[in-house]
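Have a look at the structure below, then the notes.
The values are calculated or read from the model by the stated rules, or taken from the named source; none is laboratory data. No experiment lies behind these values; they were computed from the predicted model shown. All Cβ positions, glycine included, derive from the backbone under ideal geometry; neighbour counts span all protein chains shown. Just the protein is used for accessible areas: all its heavy atoms, side chains included, with ligands, DNA and RNA removed. Shrake-Rupley method; radii C 1.70, N 1.55, O 1.52, S 1.80 Å.
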Amino acid sequence: MLHTVNKSPYEKGSLDTCLRLAKQGSTILLIEDAVYAAITGSSLESKIRQASKQYEFCVLGPDLKARGLDEAKLIDSIRVVDYGGFVDLAVSHDRVQSWL
Amino acid sequence: MCINRRAPYGTIYALEGLEVVLMGAAFEQDISVVYLDDGVYQLKKGQDTTDSSIKNFSPTYRALASYGVEKLYVETESMEDRGLSEHDLIVPVKMISGAELTELMEQQDVILNY
Amino acid sequence: MKFGIIVSAGPYTHQASDTAYQFSKAVLERGHEILRIFFYHDGVNNGTRLTTPPQDDRHITNRWSELAAKHELDLVVCVAAAQRRGIVDVGEAKRHGKDANNIAPGFRISGLGQLIEVGIQADRVITFGD
């Protein structure tokens, strides 16, 4: 399953709920304000690194760029995709769950 | 499957999510409804909106069974976090763990979120 | 592959309508099909032609109308959600005795059944919302 999260992890619990319920091996795509979870040097970094052992993390590049976040500062296990890559992820997984 | 993660009244998601469930039932879909995170508050007993002038739609949950919606699931962890137990709920539900919900989600054709 | 897309947040307030638009464009560019885009909750506000953003900003409603015209997309605004929020087409205006309508080109107002139907028919359903 592909899980998308669009809320900042500092404001809402959507990412926590996603991490609690996503099956091991799922892909988690961070979009909109959730892209703040993808950056190193934050209080969340170790949690995301830990979760990366169970899940494949992706982040939407245009949303990083819009927010002034440097791809060089991404947690290294996270893959950047564009909108086309987002579509490819939706196609390659049998369903999509949006954690709003 | 419809996943409900929001409390009632503060936003319209609970009410309009319920309308989707009823429509799904009208289309004779095998529909599972999950209450998770603040969504569990939707099923809290004793809702009374008299003084706030918002429509109290909580009686509709009791009518779901008569529309053929019988698979109501509540996540145990969400209930425990909020100090709620099954006795606080307006309808009979199946309590499931997060791990069971994970598996249940994997069996769905479509997941809608409210 | 056949997609059903749900937009459940209003334009401008939330980025969801923008993400949904960019995603929809990418779906079409990849050669996939969009069976329907369904606007629910405040998402119905995507469908008013009275939208008038500043000239240097994107026009979210017109962008949908243009995409729909180009690719013959089915843009459906939920009737119950639309009535609550004052989104009205010619028929609805007549039925409820309103003095105007505001539905944008390419959008149509229809029931929640259209959401259930696309859930049945599409290979993938994805929600963009708040």
Inspect all residues belonging to segment A:68-84 and state whether any of them is touching a Leu at 6+ places or on another chain (Cβ under 6 Å) and either within 14 Å of chain C (Cβ to nearest Cβ) or within 27 Å of B:Y114 (Cβ to Cβ) (or both). no
Wholly within segment B:1-83, strands (runs of 3 or more DSSP E) carrying at least 2 residues that are without any contact (Cβ under 8 Å) to a residue 60 or more places away in the chain and buried (at least 21 other Cβ atoms within 10 Å of the Cβ): B:32-35, B:71-75
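Answer yes or no: is there a residue in segment C:109-119 that is more than 14 Å from every other protein chain (Cβ to nearest Cβ) and open to solvent by 20 Å² or more (accessible area, probe 1.4 Å).
yes
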For residues in segment C:10-63 being aliphatic (A, V, I, L, M) and surrounded by 22 or more Cβ atoms within 10 Å (Cβ to Cβ), which is farthest from C:A80 (Cα to Cα)? C:V27
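If you take the residues in segment C:12-44 that are of a type in the set (G, A, S) and either closer than 21 Å to B:Y114 by Cβ or over 12 Å from the mean Cα position of the chain (by Cα) (or both), which one is nearest to the other protein chains (Cβ to nearest Cβ)?
Step one: list which residues in segment C:12-44 are of a type in the set (G, A, S), which gives C:16-17, C:20, C:24, C:26, C:31, C:43.
Cutting the leftovers down to either closer than 21 Å to B:Y114 by Cβ or over 12 Å from the mean Cα position of the chain (by Cα) (or both) gives us C:16-17, C:20, C:26, C:31, C:43.
Numbers: C:A16: 7, C:S17: 11, C:A20: 11, C:A26: 4, C:G31: 10, C:G43: 10 Å.
Ranking the candidates gives C:A26 first.
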Hey, among A:T27, A:T40, which residue is β-branched (V, I, T), surrounded by fewer than 22 Cβ atoms within 10 Å (Cβ to Cβ) and over 22 Å from C:V125 (Cα atoms)? A:T40
Scan segment B:95-104 for residues that are in contact (Cβ under 8 Å) with a residue 12 or more places away in the chain, open to solvent by 50 Å² or more (accessible area, probe 1.4 Å) and either in a helix (DSSP H, G or I) or under 14 Å from B:I3 (Cα atoms) (or both) and jot them down. none
Within segment A:1-15, which residues are surrounded by 15 or more Cβ atoms within 10 Å (Cβ to Cβ) and either more than 9 Å from chain B (Cβ to nearest Cβ) or within 10 Å of the chain's Cα centre (by Cα) (or both)? A:L2, A:H3, A:T4, A:V5, A:N6, A:K7, A:S8, A:P9, A:K12, A:L15
Unique match (being open to solvent by less than 20 Å² (accessible area, probe 1.4 Å) and over 13 Å from the mean Cα position of the chain (by Cα)) among A:V81, A:V87, A:V35, A:V59: A:V87
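Consider segment C:83-108. How many of its residues are free of Cβ contacts under 8 Å to residues at least 40 places away in the same chain and either within 14 Å of chain B (Cβ to nearest Cβ) or open to solvent by 50 Å² or more (accessible area, probe 1.4 Å) (or both)? Walk me through how you get there before you give the answer.
Filtering segment C:83-108 for residues free of Cβ contacts under 8 Å to residues at least 40 places away in the same chain gives C:83-84, C:86, C:88-101, C:108.
If we keep only those that are either within 14 Å of chain B (Cβ to nearest Cβ) or open to solvent by 50 Å² or more (accessible area, probe 1.4 Å) (or both) too, we end up with C:83-84, C:90, C:94-100, C:108.
Looking only at that region, the number is 11.
I'd like the full set of residues that are among the basic types (K, R) and without any contact (Cβ under 8 Å) to a residue 24 or more places away in the chain, limited to segment C:1-36.
Let us first name the residues in segment C:1-36 that are among the basic types (K, R), namely C:2, C:25, C:30, C:36.
Within segment C:1-36, C:R30 is the sole residue that qualifies.
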